[in-house]
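Engineer: Below is a structure I'd like to ask you about.
The values are calculated or read from the model by the stated rules, or taken from the named source; none is laboratory data. Given the structure is predicted, the values throughout are model-derived calculations rather than measurements. FYI the Cβ positions are ideal-geometry reconstructions off the backbone, even for glycines, and counts take in every protein chain you see.
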Number of protein chains: 2
Amino acid sequence: MSFDLSCPVPFTATDTIEIGHGGGGMMTKRLVDGLFRPAFGAGPDDLNHDGAILDVGGELLAFTTDSFVVKPLFFPGGDIGSLAINGTVNDLAMCGAEPVGISVGLILEEGLPIAELQRIIGSMEAAAEAAGARIVTGDTKVVEHGKGDGLYINTSGVGRVIAPAPINPRQAAPGDMVILSGDIGRHGIAIMAVREGLGFETEIVSDCAPLIAPVKTLISAGVPLRCLRDLTRGGLATALIEIAETAGLTVRLDQKAIAISDAVRGACEILGLDPLYVANEGRFVAFVPASAAETALGIMRSFNPAAAVIGRVERRRERGEVVLDTIGGLRPLDLLSGEQLPRIC
Amino acid sequence: MSFDLSCPVPFTATDTIEIGHGGGGMMTKRLVDGLFRPAFGAGPDDLNHDGAILDVGGELLAFTTDSFVVKPLFFPGGDIGSLAINGTVNDLAMCGAEPVGISVGLILEEGLPIAELQRIIGSMEAAAEAAGARIVTGDTKVVEHGKGDGLYINTSGVGRVIAPAPINPRQAAPGDMVILSGDIGRHGIAIMAVREGLGFETEIVSDCAPLIAPVKTLISAGVPLRCLRDLTRGGLATALIEIAETAGLTVRLDQKAIAISDAVRGACEILGLDPLYVANEGRFVAFVPASAAETALGIMRSFNPAAAVIGRVERRRERGEVVLDTIGGLRPLDLLSGEQLPRIC
């Protein structure tokens, strides 16, 4: 047996896709960095951002795509339809762009009740209207019973960049303050509670929401936005690790500044989950120069009183990309391997 | 029992999604017209076209989306990867646009061999390069084993409109000639042959191919393109019926002008299929004024010698949107209910 050290792709002939490849952690990164980026020509200057920026005749456009495979289709605070619209509107917002058009690609499973589809379509319509987005084109495919999970939705979005300067991880600089737009972990816990049939005393409602309004307000107020990132799978920790790694910097977080509701904290304790890694669908972090932090925080608090400055950017430390200041000292945060699994059996 | 005549949506509470809803025929139309168009605000001026046209700062963009759920993933002449790139590049081309950026949304099934994924990604890369398209953004999700079909791919595309005048069904006018870019039915028969394990004497290879080059050449030559449409699910007949219905006109086809290879014709006879409704992935029809037909045909023949003028546009006839001139007289063509099923058992 020998090792082929020249092999550029870190997979063996017998490797297969595992659930963890979709978790947003180390396994996802290995798939993206080892297979997709090399094939699709992403160079070292790749911004590792929520969307691509295209220059079309001098007009800057953001372009983004996301597929939604959430189970169950309906959950407290939303459904797969509102999630699919908000997810793509939010990715555009994180590029400093307002939506021009959204596409909807539906993969329907044979046997899906049309009444459920109607509810979901209605909720996409409502979410688009609330976000000021227009669904302009679509596609429908049907797969055999058992080959889907009710329905899968892809949404892609085209947006017009309204921010005056680039917003992406490479703009982050030492001294920047990191502001979190609200409390974390609601979406992931809401989904898990329904999926696993857990009867928490307080019903936890997903934070699923459009983020375009606060971003537009920040831009209108002239806040220099260095980097924005909505927190989705992998949670706050994964988002910050990705940004810090791309920027070649360290983010130092103040644990006690990170808002987590008692209900989410309690559920995480029961399930054995770290809320820093639990999914959100309506929260984002903004990296802004220290001089603009107060203005930015004021605006973000006007949308959600739980917004807070949770950390700052420093030159790269030996100990890691993201370090958490806890009572017990500095704790480096790492990407999880795959998905966090609830400790329920 | 009573009929609620005011109900705007033609579905009952117990209706479910059936395979036929994805066939591109009458059932698909009912779903799109009864549910998606009203919800997503498509008015009577909707162009019923392959993509949306967006005006961003005076720059006209085409925006399109398509999901690919083909089974098997690999087939003679291509695979789901080349199909996904060509499908979206072709939808942009049908809008008179050249690709600016393509997004890729992957839904991977747990257990998919990574070696297969690598092959498919490689073929997406090659197809993008051949079409002069750049994959600029992507997303990966993983679903549990048994909840997918290996993988599903969504591609969306943003293109810059390079045609000097609008290209869509409403531009078609009486007297226009209809030119078909080659022989029909190869893709659908190639897929069915592999799927059903049919051992035809001659292997039929999918026509899967990018169509941007002939469209760009037609535009450069100054051919006034009224309407373009690539032939996908539902085949030539469905594409023409949709165009004629949107235009409020009739297309009169000359049956003997429509090229069908002996292999496809033979397979269709055995399977009991009408080749006019069989899927293609690398063929299109162009509607051009009669004065430009010779130039257009010359260009299209330089790409495929089987290109031919197959019909012309007339004022709306009582008998239907598309009529086929056969030896036995005029035969009106209708949308199929769902999908054509091969007669194999």
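Engineer: Of all strands (runs of 3 or more DSSP E) completely enclosed by region B:263-345, which ones contain at least 1 residues that are in contact with a Pro (Cβ under 7 Å, 6 or more places away or on another chain) and farther than 16 Å from B:ARG233 by Cβ? Walk me through it before giving the result.
Structural biologist: Values: elements: B:284-288, B:308-315, B:322-326, B:329-333.
Those strands (runs of 3 or more DSSP E) span B:284-288, B:308-315, B:322-326.
Engineer: If you don't mind, another one. When you scan region B:166-177, do you find a residue that is β-branched (Val, Ile, Thr) and closer than 25 Å to A:THR232 by Cβ, even just one?
Structural biologist: Quick first cut of region B:166-177, residues β-branched (Val, Ile, Thr) only: B:167.
The next check asks that each one be closer than 25 Å to A:THR232 by Cβ; those that pass are none.
The answer is no; no qualifying residue exists.
Engineer: Right, something else. Suppose we filter region A:243-257 for residues that are buried (at least 20 other Cβ atoms within 10 Å of the Cβ) and not in a strand (DSSP E or B); how many remain? Write out each step before concluding.
Structural biologist: Residues of region A:243-257 that are buried (at least 20 other Cβ atoms within 10 Å of the Cβ), as a first pass: A:243-244, A:247, A:249-251, A:253.
Those still in the list that are not in a strand (DSSP E or B) too: A:243-244, A:247.
Counting residues in region A:243-257 that are buried (at least 20 other Cβ atoms within 10 Å of the Cβ) and not in a strand (DSSP E or B) gives 3.
Engineer: Is it the case that region B:338-345 has a residue that's outside the structural domain of B:ALA221 (by TED's automatic domain parsing), free of Cβ contacts under 8 Å to residues at least 24 places away in the same chain and more than 22 Å from the chain's Cα centre (by Cα)? Please lay out each step first, then the result.
Structural biologist: The first filter runs over region B:338-345 and keeps only residues outside the structural domain of B:ALA221 (by TED's automatic domain parsing), leaving B:338-345.
Pick out the ones that are also free of Cβ contacts under 8 Å to residues at least 24 places away in the same chain and you get B:341, B:345.
Pick out the ones that are also more than 22 Å from the chain's Cα centre (by Cα) and you get B:345.
Looking for residues that are outside the structural domain of B:ALA221 (by TED's automatic domain parsing), free of Cβ contacts under 8 Å to residues at least 24 places away in the same chain and more than 22 Å from the chain's Cα centre (by Cα), one finds at least one in region B:338-345, hence yes.
Engineer: Identify, from the list A:GLY197, A:GLY234, the residue that is at pLDDT below 95, crowded, with 23+ Cβ neighbours inside 10 Å and over 26 Å from A:ARG160 (Cα atoms).
Structural biologist: Working: A:GLY197 fails: crowded, with 23+ Cβ neighbours inside 10 Å.
Answer to the check: A:GLY234.
Engineer: Tell me, please, whether a residue that is in contact with a strand residue (DSSP E or B) (Cβ under 9 Å, 6 or more places away or on another chain), at positive phi and at pLDDT below 95 can be found in region A:100-116.
Structural biologist: Scanning region A:100-116, I find no residue that is in contact with a strand residue (DSSP E or B) (Cβ under 9 Å, 6 or more places away or on another chain), at positive phi and at pLDDT below 95, so the answer is no.
Engineer: Every residue in region B:60-77 that is modelled with pLDDT under 95 and among the small types (Gly, Ala, Ser), please.
Structural biologist: Scanning region B:60-77 gives a single hit, B:GLY77.
Engineer: Has region A:104-124 got any residue that is more than 21 Å from B:ARG37 (Cα to Cα), at the interface with chain B (Cβ under 10 Å from one of its Cβ atoms) and either in contact (Cβ under 8 Å) with a residue 40 or more places away in the chain or in contact with a Phe, Trp or Tyr (Cβ under 9 Å, 6 or more places away or on another chain) (or both)?
Structural biologist: Scanning region A:104-124 turns up no residue that is more than 21 Å from B:ARG37 (Cα to Cα), at the interface with chain B (Cβ under 10 Å from one of its Cβ atoms) and either in contact (Cβ under 8 Å) with a residue 40 or more places away in the chain or in contact with a Phe, Trp or Tyr (Cβ under 9 Å, 6 or more places away or on another chain) (or both).
Engineer: Further question on the same structure: Taking only region B:52-77 into account, find how many residues are in contact with a helix residue (DSSP H, G or I) (Cβ under 9 Å, 6 or more places away or on another chain), facing another protein chain (nearest Cβ under 9 Å) and either surrounded by fewer than 21 Cβ atoms within 10 Å (Cβ to Cβ) or closer than 29 Å to B:ILE114 by Cα (or both).
Structural biologist: Count: 7.
Engineer: If you don't mind, another one. Would you mind telling me which numbered condition in (1) crowded, with 24+ Cβ neighbours inside 10 Å; (2) at the interface with another protein chain (Cβ under 7 Å from one of its Cβ atoms) A:CYS95 fails?
Structural biologist: Evaluating A:CYS95 over (1) crowded, with 24+ Cβ neighbours inside 10 Å; (2) at the interface with another protein chain (Cβ under 7 Å from one of its Cβ atoms) leaves (2) as the failure.
Engineer: Find the residue count for region A:266-318, including only residues that are more than 19 Å from A:VAL205 (Cα to Cα) and polar (S, T, N, Q).
Structural biologist: Taking region A:266-318 first, the residues more than 19 Å from A:VAL205 (Cα to Cα) are A:272, A:285-302, A:308-318.
Pick out the ones that are also polar (S, T, N, Q) and you get A:291, A:295, A:302.
Residues meeting the conditions: 3.
Engineer: Filter region A:302-345 down to the residues that are charged (D, E, K, R) and buried (at least 20 other Cβ atoms within 10 Å of the Cβ), then identify the one that is nearest to A:THR217 (Cα to Cα). So that I can check it myself, show each step before the final result.
Structural biologist: Within region A:302-345, the first condition is being charged (D, E, K, R), and the residues that meet it are A:312, A:314-319, A:321, A:325, A:331, A:334, A:339, A:343.
Then drop every residue that is not buried (at least 20 other Cβ atoms within 10 Å of the Cβ), which leaves A:321, A:339.
Working: A:GLU321: 30, A:GLU339: 34 Å.
Only one residue fits best here, namely A:GLU321.
Engineer: In the set A:ALA127, A:ALA131, which member is closer than 30 Å to A:ARG170 by Cβ, buried (at least 22 other Cβ atoms within 10 Å of the Cβ) and not aromatic (Phe, Trp, Tyr)? Full working, then the answer.
Structural biologist: Values: A:ALA127 fails: closer than 30 Å to A:ARG170 by Cβ.
Exactly one residue qualifies, and that residue is A:ALA131.
Engineer: Please enumerate the residues belonging to region B:151-184 that are part of a strand (DSSP E or B) and within 14 Å of B:LEU211 (Cβ to Cβ). Spell out how you get there, then give the answer.
Structural biologist: Kept after step one, since they are part of a strand (DSSP E or B), are these residues of region B:151-184: B:151-161, B:177-180.
Passing the criteria: B:GLY157, B:GLY159, B:ILE179, B:LEU180.
Engineer: Can you tell me which of (1) over 18 Å from A:ASP230 (Cβ atoms); (2) at pLDDT 95 or above is the one A:GLU321 doesn't meet?
Structural biologist: (2)
Engineer: Among the residues of region B:146-205, which ones are farther than 15 Å from B:VAL70 by Cβ and charged (D, E, K, R)?
Structural biologist: B:LYS147, B:ARG160, B:ARG170, B:ASP176, B:ASP183, B:GLU201, B:GLU203
Engineer: Next up: Could you tell me which numbered condition A:HIS21 fails, if it satisfies all but one of (1) closer than 26 Å to A:LEU236 by Cβ; (2) at pLDDT below 90?
Structural biologist: (2)
Engineer: Another question, if that's okay. Any residue at all in region B:78-86 that is facing another protein chain (nearest Cβ under 8 Å) and acidic (Asp, Glu)?
Structural biologist: no
Engineer: Which one of these is β-branched (Val, Ile, Thr) and within 18 Å of the chain's Cα centre (by Cα): B:VAL288, B:VAL278, B:VAL309, B:VAL323?
Structural biologist: On the way: B:VAL288 fails: within 18 Å of the chain's Cα centre (by Cα); B:VAL309 fails: within 18 Å of the chain's Cα centre (by Cα); B:VAL323 fails: within 18 Å of the chain's Cα centre (by Cα).
Exactly one of B:VAL288, B:VAL278, B:VAL309, B:VAL323 is β-branched (Val, Ile, Thr) and within 18 Å of the chain's Cα centre (by Cα), namely B:VAL278.
Engineer: Pairs only if they're at least six apart or on different chains, beta carbon under 7 angstrom, first in region A:142-163 and closer than 11 Å to A:VAL104 by Cβ and at the interface with chain B (Cβ under 7 Å from one of its Cβ atoms), second assigned to a strand (DSSP E or B) and of a type in the set (Gly, Ala, Ser); list them, first residue then second.
Structural biologist: A:ASN154/A:SER67; A:ASN154/A:GLY105; A:ASN154/B:SER67; A:ASN154/B:GLY105; A:SER156/A:SER103; A:SER156/B:SER103; A:SER156/B:SER156
Engineer: Being surrounded by fewer than 24 Cβ atoms within 10 Å (Cβ to Cβ) and either facing chain A (nearest Cβ under 7 Å) or not basic (Lys, Arg) (or both): is that true of B:ALA172 here?
Structural biologist: Numbers: surrounded by fewer than 24 Cβ atoms within 10 Å (Cβ to Cβ): yes; either facing chain A (nearest Cβ under 7 Å) or not basic (Lys, Arg) (or both): yes.
In short, yes.
Engineer: Please go through region B:126-141 and pick out each residue that is assigned to a loop (DSSP other than H, G, I, E, B) and more than 9 Å from chain A (Cβ to nearest Cβ). Let's see the steps before the verdict.
Structural biologist: Step one: filter region B:126-141 for residues assigned to a loop (DSSP other than H, G, I, E, B), giving B:132-134.
Passing the criteria: B:GLY132, B:ALA133.
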